[in-house]
Amino acid sequence: MYIGKLSYKVKVFILVVAVLLTACKVRIQEDLSEEQANKIIVVLSQNDIEAEKRRRGNDRDKRYEVWVSKALADKAWRVMKENDLPLVNKDGIAEVYGKGNLVPSIMEEKALYLRALQGELAKTLNSIEGVINARVHIVIPDDIFLNEDNDRALPKAAVFIKYHLREDGSVPFKENEIKALIAGAVKGLEERNVQLILQQIYSTKITQQQAFKRYGLIKVSEDTAEKFNVLMLLILLLIIILVVFIFLQLGENYKLRREIYLLTEKKKKSNLSSMNENLIFNNSVIDKGGNYGG
């Protein structure tokens, strides 16, 4: 009888657990390529944020979402903003010239060339470990682009690089090497005409003291605090179910003992009644016998 009721409560308990566990996480990015999602997960992991990649769509149109703990969502957003995530792929030569457009004009050809060249250089810089994001802007005078001899104007370039330091505290690149790379890719561009704009991003990792929360004598990390709360809630629900079950069992045992007691009392009364009837019968027989003898 109570086993059936307990099974129903267990089902409800499991449902509550599933709902609570699902509510622990929130989606922070969607409609991503797998490369973009993987990059976000790696960067968040480097900042002590556990993230989950979930696939959406079919095999032809696979897109991805990134989910994190609700307690760390704000921190995750801040880390992604600092790291310019999700990264937007820059068009290189293959992307720019592979679109099959009509024959462009000279100015359109120049714009396409600059766009492709800037994209290729940015891809190279972004491949350097420690570089978060890089952008390259190149200015080529029309006379150089048209192969005209003119010493009055020279190509110029501006490079913006957002980066973070390596684990040993060093910068992940050398400025002179970046200038040499950019100058070597553009005809007539000299290293002195390459301007670098550098932005260092400091680690967003929280201090060890801030990374933990206390629950009395128990200390848990911030990213597991919500899981700990859910665990405590589940334990409380389990205790409540056990208490209810024990209470029902005690009630059943009490009813059983009560029934046994009543049956015993009834039997005792029945036996006593039989003994009294026998005694009365025997006395009546004796009295009758005495009367006959007299």
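Which FRET efficiency, nearest 0.05, do V230 and R54 yield, Cβ-Cβ r, R0 25 Å?
About 0.80, to the nearest 0.05.
Separation between the E190 and K269 pseudo-spin-labels, each 7 Å from Cα along Cα→Cβ, expressed in nm?
12.2 nm
What distance in nm separates the two pseudo spin-label positions at Q249 and A111, each 7 Å out from Cα along the beta-carbon direction?
Reported label-point gap for Q249 and A111 is 8.0 nm.
Could you rank Y261, Y64 by how accessible they are, 1.4 Å probe, largest area first?
Y261, Y64
Grab the Cα-Cα distance for V88 and N38, subtract it from 0.36 nm times how many residues apart they are, and report the gain in nm with one decimal.
16.7 nm
With a point put 7 Å past each Cα toward its Cβ, work out how far I218 is from I201 in nm, to one decimal.
Modelled inter-label distance: 3.5 nm.
Of the listed peptides 45-52, 174-181, what is their order by residue-averaged count of other C-beta atoms within 10 Å, with the highest listed first?
Put in order of decreasing packing, that is 45-52, 174-181.
Tell me which trypsin sites (Lys or Arg not before Pro) from the stretch 40-93 have a DSSP coil assignment and no more than 16 other beta carbons within 10 Å of their own.
Counting only loop positions with at most 16 other Cβ atoms within 10 Å, the trypsin sites (Lys or Arg not before Pro) in the stretch 40-93 are R60, K62.
What figure, in Å² to the nearest 10, do you get for the accessible area of M232 with a 1.4 Å probe and non-protein molecules left out?
Ignoring ligands and nucleic acids, M232 comes out at about 80 Å².
The values are calculated or read from the model by the stated rules, or taken from the named source; none is laboratory data. Keep in mind it's a predicted model, so treat the numbers as computed, not measured. Don't worry about glycine lacking a Cβ; one is built from the backbone with ideal geometry, like all the others, and counts go over all protein chains shown. With ligands, DNA and RNA removed, areas are computed over all heavy atoms of the protein, side chains included. Shrake-Rupley method; radii C 1.70, N 1.55, O 1.52, S 1.80 Å.
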